[in-house]
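Trainee: Structure provided below as structure tokens; questions to follow.
The values are calculated or read from the model by the stated rules, or taken from the named source; none is laboratory data. Since the model is a prediction, treat every value here as computed from it, not as a measurement. Note that we place each Cβ from the backbone using ideal geometry, even for glycine, and neighbour counts take in every protein chain shown.
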Amino acid sequence: MSEVIKNTIDTIYDRRSIRKYTDKPVNPDLVQEVLRAGLYAPSGMNKQPWHFVVFDTKEGVQKIKEMHPYASSLATAPVCIMVCGDTALEMAPGFYQVDCSAAIENMLLAANALGLDTCWMGIYPWEEVMENFSKTFSLPENVKPFALIALGYGAVKLERPKRNDESKIHYNKW
Ligand SMILES: Cc1cc2nc3c(=O)[nH]c(=O)nc-3n(C[C@H](O)[C@H](O)[C@H](O)COP(=O)(O)O)c2cc1C
């Protein structure tokens with residue numbers, strides 16, 4: 001385990017999408033910890049309709065990069081997690097997307113708490129991109145490629161953004 005374990009609120013405010021990574025490899029125990037955080041996400045009726053496919057070789061990550069139009073972070077990230085939704089497990093149609101998003105955010109925050117950086121790259125709802133991932137990895141019909149997560153040590157540090165827009169918050173009425 002890493003010595004860096006930040007508190008939850010700082011982790012939420014500090015997490016940024018990082019698109020350039022150092023060569024430093026990620027200890028497999030840390031990858032495991034990030035994946036476990038995904039498994040602990042809430043899901044509709046606790047159906048946990050997700051699968052995480054880990055790519056941790058240069059060739060594997062490069063192959064994924066070439067399949068996604070906005071995956072510049074995978075040019076340097078040492079690890080990529082493909083998150084897939086399972087329509088055979090979800091509570092009802094439309095739930096796997098919500099459940100997978102909760103799992104992804106858990107992983108992004110866990111990674112940040114452990115001193116790692118991430119970038120979420122959507123696959124769903126782009127039908128063409130989904131189709132390409134499904135075909136390339138021979139995914140079963142019920143398993144839908146949903147998103148990618150780049151994981152590694154950032155080569156750049158982005159500041160905590162200002163997003164405290166009070167106009168987005170409503171009390172007791174619209
Ligand atoms: C559903 C979703 C899809 C995204 N897709 C991409 C993507 O394809 N490529 C990318 O570099 N970033 C992608 N992002 C990251 C966003 O660009 C990023 O979260 C946003 O600009 C806010 O910046 P921050 O994450 O640093 O707070 C995606 C984020 C979400 C939630």
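Trainee: Filter segment 140-174 down to the residues that are in contact with a strand residue (DSSP E or B) (Cβ under 6 Å, 6 or more places away or on another chain) and aliphatic (A, V, I, L, M), then identify the one that is farthest from the ligand (Cβ to nearest atom).
Mentor: Filtering segment 140-174 for residues that are in contact with a strand residue (DSSP E or B) (Cβ under 6 Å, 6 or more places away or on another chain) and aliphatic (A, V, I, L, M), the one farthest from the ligand (Cβ to nearest atom) comes out as Val143.
Trainee: Being out of contact with any Lys or Arg (no Cβ under 9 Å at 6 or more places or on another chain), within 14 Å of the ligand (Cβ to nearest atom) and closer than 23 Å to Trp126 by Cβ: is that true of Lys20 here?
Mentor: no
Trainee: Does Met107 satisfy being more than 19 Å from Ser134 (Cβ to Cβ), aliphatic (A, V, I, L, M) and buried (at least 24 other Cβ atoms within 10 Å of the Cβ)?
Mentor: For Met107, the condition - more than 19 Å from Ser134 (Cβ to Cβ), aliphatic (A, V, I, L, M) and buried (at least 24 other Cβ atoms within 10 Å of the Cβ) - is met.
Trainee: Next up: Select, from Val31, Val61, Val26, the only residue that is part of a helix (DSSP H, G or I), more than 16 Å from the ligand (Cβ to nearest atom), aliphatic (A, V, I, L, M) and surrounded by 19 or more Cβ atoms within 10 Å (Cβ to Cβ).
Mentor: From the options Val31, Val61, Val26, the qualifying one is Val31.
Trainee: If you don't mind, another one. Quick one: what pairs do we get from segment 95-124, first residue within 16 Å of Val34 (Cβ to Cβ) and in a loop (DSSP other than H, G, I, E, B), second more than 12 Å from the ligand (Cβ to nearest atom) and of a type in the set (D, E, K, R), C-beta under 9 Å, 6+ apart or different chains?
Mentor: What qualifies is Leu114/Lys6; Leu114/Glu33; Gly115/Glu3; Gly115/Lys6.
Trainee: Right, next: Please specify each residue of segment 156-174 satisfying the condition of being surrounded by 10 or more Cβ atoms within 10 Å (Cβ to Cβ) and either acidic (Asp, Glu) or part of a helix (DSSP H, G or I) (or both).
Mentor: none
Trainee: Would you confirm whether or not segment 68-79 contains a residue that is away from the ligand (no atom under 16 Å from the Cβ), at pLDDT 95 or above and in a loop (DSSP other than H, G, I, E, B)?
Mentor: Looking for residues that are away from the ligand (no atom under 16 Å from the Cβ), at pLDDT 95 or above and in a loop (DSSP other than H, G, I, E, B), one finds at least one in segment 68-79, hence yes.
Trainee: Report, by residue number, each residue of segment 41-51 that is touching a residue at least 40 places away in the same chain (Cβ under 8 Å) and either over 21 Å from Pro140 (Cα atoms) or of a type in the set (A, V, I, L, M, F, W, C) (or both).
Mentor: Ala41, Pro42, Ser43, Gly44, Met45, Trp50
Trainee: Would you please name the residue that is nearest to Ile104 (Cα to Cα), looking only at residues in segment 128-159 that are under 19 Å from the mean Cα position of the chain (by Cα) and of a type in the set (D, E, K, R)?
Mentor: Filtering segment 128-159 for residues that are under 19 Å from the mean Cα position of the chain (by Cα) and of a type in the set (D, E, K, R), the one nearest to Ile104 (Cα to Cα) comes out as Lys144.
Trainee: Right, next: Surrounded by 14 or more Cβ atoms within 10 Å (Cβ to Cβ) and more than 16 Å from the ligand (Cβ to nearest atom): which single residue out of Phe133, Phe137 fits that description?
Mentor: Every option except Phe137 fails the conditions.
Trainee: Kindly provide the set of residues from segment 80-94 that are away from the ligand (no atom under 16 Å from the Cβ) and either among the acidic types (Asp, Glu) or without any contact (Cβ under 8 Å) to a residue 24 or more places away in the chain (or both), ordered by number.
Mentor: Asp86, Glu90, Pro93, listed by residue number.
Trainee: I've got another one for you. Give segment 101-120 a look and list any residue that's closer than 15 Å to Phe52 by Cα, within 9 Å of the ligand (Cβ to nearest atom) and among the hydrophobic types (A, V, I, L, M, F, W, C), or say none.
Mentor: Ile104, Leu108, Trp120, listed by residue number.
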